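The values are calculated or read from the model by the stated rules, or taken from the named source; none is laboratory data. Note that the structure is predicted; figures quoted are calculated from it, not measured. For neighbour counting, all protein chains shown are included, and Cβ atoms are generated from backbone atoms with ideal geometry for every residue, glycine included.
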Ligand code: ADP
């Protein structure tokens, strides 16, 4: 997009001189478009749970005697669940905004992989049991530690393993493992779940993107998890990629440089 401005300058000669200024507005328009899309997404995501909360609350309000009733208890659990989803969504939006504004400071220290994997598995275990999904960890015995921000990296793994359980099937498996080559530690999160279609593989990392909106709505997913994961991995100087086969499962692969780039992060010196 270009905006043109024509200015006529009175010259000493007879003929006026015209100057044409051209302004390239492409980036400004792109930014506006992204902002518009973001606000449209946010409004939509906020409106759905708020409509449910309001609707059920109004029913209860109109019928004071209903509170003793079992149906009212169901209505109340819808209200509580939707309020929890809203809180989670707003928390994730704040995290993502912080990450995108570059305000993220990582505290990079040696991270014990065995202990980290155990923490993550313990965190997701109740959900996995409920979904009848097995959680496995496989750590190369030669790798004891990787260099990451423990709190951020735990949240990356929790997000990926949580998805791997959520988009799985009863009797399915999720495996987290770590390997290494000369330059990188490589972390895999594999599942035997529903898989991701080819056309959605790149988009899965976009904020608010969900492959199947109706299915995920039940799980309460905000569509922000993978966007956050990608930002945190990149802030470590790493990359994340995805291989997937529809109906067979997905593998998320994180490549982390063994020597983190000093440009982006504050290294905590051991002294
Ligand atoms: P959500 O909160 O919806 O889970 P994410 O950003 O974590 O959002 O993931 C985006 C979308 O990618 C999900 O809605 C889902 O459709 C798809 N997805 C993520 N992980 C997996 C997986 N392990 N298996 C299948 N689909 C997945």
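All told, residue 260 meets the bar of being part of a loop (DSSP other than H, G, I, E, B), more than 16 Å from the ligand (Cβ to nearest atom), buried (at least 18 other Cβ atoms within 10 Å of the Cβ) and modelled with pLDDT under 95. Total residues in segment 148-167 satisfying the condition of being more than 17 Å from residue 240 (Cβ to Cβ) and surrounded by fewer than 21 Cβ atoms within 10 Å (Cβ to Cβ): the figure is 2. Do we have residue 236 as more than 8 Å from the ligand (Cβ to nearest atom), under 17 Å from the mean Cα position of the chain (by Cα) and at negative phi here? So residue 236 fits the description; yes. Would you confirm, using the coordinates I've provided, whether residue 179 is more than 8 Å from the ligand (Cβ to nearest atom), over 22 Å from residue 109 (Cβ atoms), at pLDDT 95 or above and not in a helix (DSSP H, G or I)? The answer is no for residue 179.
If you go through segment 192-225 and keep only what is modelled with pLDDT of 90 or more, touching a helix residue (DSSP H, G or I) at 6+ places or on another chain (Cβ under 7 Å) and in a helix (DSSP H, G or I), you end up with 204, 205, 225. Taken residue by residue, segment 4-24 has no member that is under 25 Å from the mean Cα position of the chain (by Cα) and touching a residue at least 12 places away in the same chain (Cβ under 8 Å). Put simply, of 81, 54 the only residue that is within 28 Å of residue 195 (Cβ to Cβ), modelled with pLDDT under 95 and assigned to a helix (DSSP H, G or I) is 81. Number of residues in segment 57-69 that are in a helix (DSSP H, G or I), exposed (fewer than 14 other Cβ atoms within 10 Å of the Cβ) and without any contact (Cβ under 8 Å) to a residue 12 or more places away in the chain equals 7.
Scanning segment 117-174 for residues that are closer than 18 Å to residue 221 by Cα and either within 12 Å of the ligand (Cβ to nearest atom) or out of contact with any strand residue (DSSP E or B) (no Cβ under 9 Å at 6 or more places or on another chain) (or both) yields a total of 19.
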